Every structure is written in structure tokens, then in C-alpha cells.
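Student: The structure's right below; bear with me while I get my questions together.
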């Protein structure tokens, strides 16, 4: 599933053709994705202008002139394809053929500037919802969500407070969207390696007895921010289905330190360890048992 950097990469690709443009025509080629489309989905979008395109965790949020917000989630295999007025896809070097079967082109936005934005989702785990902007924070998908990891509010104090007393593993805590929003399996593995913290460690060990952050929390927060920023700069990672909006693959997977590197030498300078794979919560965890404690 695309994680925060991939979703941010998609947002940046869509923003130039969607922000300030009006939905001239909307095609809903089926009535559902993961869930049924909102009632009168087409009618509520057509004629509305996209005032801004934002992101919250792994959700794309299009603010509409009607006062509603179009919430979009890529699910497992969802992606957007952009066609410019000439009918050609936006520039990009395609490393692998991109799926363009019409059967999987479920939602098509015809924008007033001539761009055509197509949502393709073979597995149909993605979804779209409409909600009033004033009610967004109280929406069931948003109300329990933790802070944005790249926001100024996310710091060692906040993280320590969120995990204080938790007996779950550090990795499981970071995957909990109530603790921090938008982190997924790949970037948790990478951030823990940068911070030299074991994914098996109890989450509560980021805080002292008074709940204040310790040196581990002080190391982990900047590691999370650094790995996410690096991945966004590289255009995200391209494991399985993810593509950028222009069809080009992201390149951060070439910079993984531990993820999917089982059996390779740990990249930490001076470390003699070998990257190990374990399973936590049904997901693969990659880490160095020597330098991650």
C-alpha cells in the first residue's frame, strides 16, 4: 500500500492540473470502489472548483468551492493518470508498462483546463468520500488520527507522551495511526534503523518514568522526518503497484538501508551486523540486530 511519501508525490503531481480548475465533467464508471460512492457523487462534483489539494496521512483532500472536501485514498493498487489537452500522458520515463485497462479506469475527472485525471484501481481497495470541510476533523476516518510526522507539532515530547505505558513493540506503535499519521511498514523499518532502535523494543521505553522523552525519542523523531523527506524528494518508493502520476517510478527503493535487504551487510559505518527479517503483526520487519538495540 502506498505510504505517506508516495501519497505526497501523487498530490504534488495532481496539484498543477487540479488546483484552481473546475470539474467540467465527472465519469463514475461504477457505483463503488472499496465502498459505495457517495450519494449524487457526480452531481456534487460537477461545476465545483478545486480550491486546494492537500494531504492528511495517506488521504488526498480536495477542497471544493461548495464547502465540501473530496477525500481520496489509493488503497492497495490505486493510481491517478493525467492526460493533457493534446491527449498525451504527462512526460515521464516508463520503466514498466502502466496498467491502462479501461475496465480498471473507475473514475474520470474532466477538468476545465482540459486535463483529464483518471483513477485506475485494479483491486478496488481505494475509495472516495465527500464530507463538509467543517466536519472533516470529526469524520470517522480522521477523528482519531495522530499528528502528521512532518508537521512542527510532531516532536519528541509528543511521541513520548503517546507511547508512555504502552507494552506493544516500538514498530507496532509507530504503525498505529493514532500515534502518528501516515507511517507504514517500509518507512518505520527505515527510520528505526537510522535511529539505531530495535523494532522489538517496547514502545514505552521512549519515555522516562515521568513520561518525558529520553535520548531514544530524541533520536527517533528526526530519523522519521529525515527518511520521509528523503523519500518524497526521490519521488517515493515503487514496490509492487505504485507509480507517480506521470507513470514514472519512484526511486527511494534504491536507497533503502534495511527494507528488503535480508542477508546483506548492515550499512551503518563500523557495524559488523547482517540485516535480518522477522515477522511482526503479519508484516515483514527488516533490521540489524547488532546496531539496533
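Student: Using helices alone, I'd like the mean residue ellipticity at 222 nm for the chain: each DSSP H run of four-plus residues gives -39500 (n - 2.57), total over residue count, nearest 500.
Tutor: Taken over the chain, the calculation gives -6500 deg cm²/dmol.
Student: Going by how many other beta carbons lie within 10 Å of each one, how would you line up 108, 188, fewest first?
Tutor: Fewest to most other Cβ atoms nearby, the residues stand as 108, 188.
Student: With 10 angstrom as the radius, rank 264, 3 by how many other C-beta atoms surround their C-beta, starting from the fewest.
Tutor: By the 10 Å Cβ count, ascending, the order reads 264, 3.
Student: Rank the residues 266, 271, 288 as a footprinting-exposure proxy: fewest other Cβ atoms within 10 Å of their Cβ go first.
Tutor: Result, fewest neighbours first: 271, 266, 288.
Student: Which residue, 75, 282, 13, has the most motion in a Gaussian network model of the chain that connects Cα atoms within less than 10 Å?
Tutor: The residue with the greatest mean-square fluctuation here is 282.
Student: Then there is this: If packing is taken as the average number of other Cβ atoms within 10 Å across a peptide's residues, how do 150-156, 137-143, 170-176 rank, most packed first?
Tutor: 170-176, 150-156, 137-143
Student: While we're on this one: Using Cα springs under 10 Å in a Gaussian network model of the chain, which residue among 22, 55, 261 shows the largest mean-square fluctuation?
Tutor: Most flexible of the set in this elastic network: 261.
No lab work stands behind these numbers, since they all come straight from the coordinates. What you see is a predicted model, and the numbers here were worked out from it, not measured in a lab. Please note: Cβ atoms are built from the backbone with ideal geometry, for glycine as well, and neighbour counts cover all protein chains shown.
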